[in-house]
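Undergrad: Handing you this structure, nothing more for now.
The values are calculated or read from the model by the stated rules, or taken from the named source; none is laboratory data. In this text the structure is predicted, and so the values were computed from the model without any measurement. Virtual Cβ from ideal backbone geometry, glycine too; neighbours counted across all protein chains shown. Only protein heavy atoms, including side chains, enter the accessible area calculation; ligands, DNA and RNA are left aside. Shrake-Rupley method; radii C 1.70, N 1.55, O 1.52, S 1.80 Å.
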Amino acid sequence: MRCLPDDCLNLKTTTYNHIELKRKPRRTDLARVLEYAPRIREICASDDLAQVPPTLLPIIWADEELWAAVALPNMRRLWLDFGDFAGQALGPRLLMTPRVLSLTIENTDLYTPNDEFPWANLAAVLAPYGSTLENFMFYNRFDYFGVSRYATGPAITALCQGFVNLCDLDTSHFMISRAALSHIATLPNLGTLSFGIANSEATQFLATPARMGSFLASTMYGSPLRT
């Protein structure tokens with residue numbers, strides 16, 4: 001953001017930096033952005049997207065030239081806030097690419113009811129990248145003891161069933177279904193696994209005959225249960 005000209009953005013420094021958009025960005029404003037973009041390997045946007053002017057992301061989303069210009073060709077690791085998947089989820093849609101190999105999603109909202117969280121949006125945005133992600137983690141920032149877990153549903157089951165090349169998976173802060181776990185068990189490169197699952201789902205999973213090669217590469221896994 002700070003690579004854009006001063007007449008485009010206004011940065012107000014208070015307790016948190018707040019950025020205001022003065023005018024619509026132009027292609028000619030992006031010279032410094034294009035210079036630095038290939039150097040970026042990792043972005044932690046779990047807090048930063050909240051500071052982006054609300055009118056800026058729709059402008060970039062609607063302009064293919066701007067979108068292509070701000071793409072980060074060498075970014076491999078990305079951190080996002082779960083709340084950014086609400087609504088149109090433009091921040092995650094702009095930042096996620098097949099080049100992102102490691103994705104961490106952080107939930108900082110302790111008050112929204114589970115059924116109002118954007119689970120369906122999360123699954124829809126990430127669905128095209130299930131085959132390219134190697135590391136996926138979801139956690140609650142303020143849950144220091146690993147006891148706050150959320151029920152999900154069919155959308156998250158479909159997301160988990162789309163994973164192909166995962167090496168590390170941590171969904172211990174939300175609960176997966178037995179169908180999702182049945183697929184996860186077959187991933188050939190999965191080395192570390194931590195997940196939450198309801199007792200009833202775990203019981204039905206264990207009652208199903210094991211597939212040959214299940215958890216073949218896994219060296220560590222945990223399964224915090226919840227009824």
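Undergrad: Show the residues, 5+ positions off or on another chain, whose built amide H is closer than 5 Å to the amide H of ILE176.
TA: Residues meeting the criterion, in which the H sits 1.01 Å from N, are GLY196, ILE197, ALA198.
Undergrad: Give me the accessible area per residue for segment 67-165, probe 1.4 Å, as a whole number in Å².
TA: I get 44 Å² per residue for this part.
Undergrad: Convert each backbone phi in segment 163-169 into a coupling constant with the Karplus relation 6.51 cos²θ - 1.76 cosθ + 1.60 (shift: θ = phi - 60°), then list the ³J(HN,Hα) values in order as whole Hz, x for Gly and Pro.
TA: Values, residue by residue: 5, 10, 10, 4, 9, 9, 9 Hz.
Undergrad: Taking H as built 1.01 Å from N, whose amide H comes closer than 5 Å to the amide H of ASN140, not counting residues under 5 places away?
TA: ASN107
Undergrad: Ranked from highest to lowest mean number of other Cβ atoms within 10 Å per residue, what is the order of the peptides 85-96, 31-42, 176-187, 55-66?
TA: On the way: 85-96: 18.3, 31-42: 12.2, 176-187: 19.8, 55-66: 14.4.
Sorting 85-96, 31-42, 176-187, 55-66 by mean packing, highest first, produces 176-187, 85-96, 55-66, 31-42.
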